[in-house]
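One structure is given below, encoded as structure tokens.
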Amino acid sequence: MAYTKLMAFKEALSDTGIAAVVNIPLNFVLVYLCIDVWQVGTMWTSVIMTSIFTLFAITRKTYIRLYFNAEFLKKQENEQQNI
């Protein structure tokens with residue numbers, strides 16, 4: 001079984017949904033910390049937020065890719081057993 005466009009779409013949709021659920025609250029927290037708590041300037045706020053969002057994105061994408069790859073391998077294994 002080949003990895004189909006539909007499977008790729010489901011993976012992308014899941015990743016985007018999880019990103020929204022995580023990033024929206026994270027954005028509010030980071031903006032609050034940068035502006036009210038740490039009182040850093042605009043440039044440093046941007047650097048801090050970009051760095052943290054990048055780390056979260058790399059971690060999230062890695063785990064989602066591993067999950068979908070495991071699901072794909074399970075489907076392949078089931079198909080081979082049915083043959």
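The values are calculated or read from the model by the stated rules, or taken from the named source; none is laboratory data. The shown structure was predicted, so the numbers you read here are calculated from the model rather than taken from an experiment. Backbone-built Cβ (ideal geometry, glycine too); neighbour counts: all protein chains shown.
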From the option list Ala12, Ala70, Ala2, Ala8, single residue qualifying as exposed (fewer than 13 other Cβ atoms within 10 Å of the Cβ), part of a helix (DSSP H, G or I) and more than 16 Å from the chain's Cα centre (by Cα) is Ala70
Of those in the stretch 1-50 that are of a type in the set (Ser, Thr, Tyr) and either modelled with pLDDT under 95 or touching a Phe, Trp or Tyr at 6+ places or on another chain (Cβ under 6 Å) (or both), the residue nearest to Leu73 (Cα to Cα) is Tyr3
Inside the stretch 15-54, the number of residues satisfying the requirement of being without any contact (Cβ under 8 Å) to a residue 12 or more places away in the chain and within 13 Å of the chain's Cα centre (by Cα) is 6
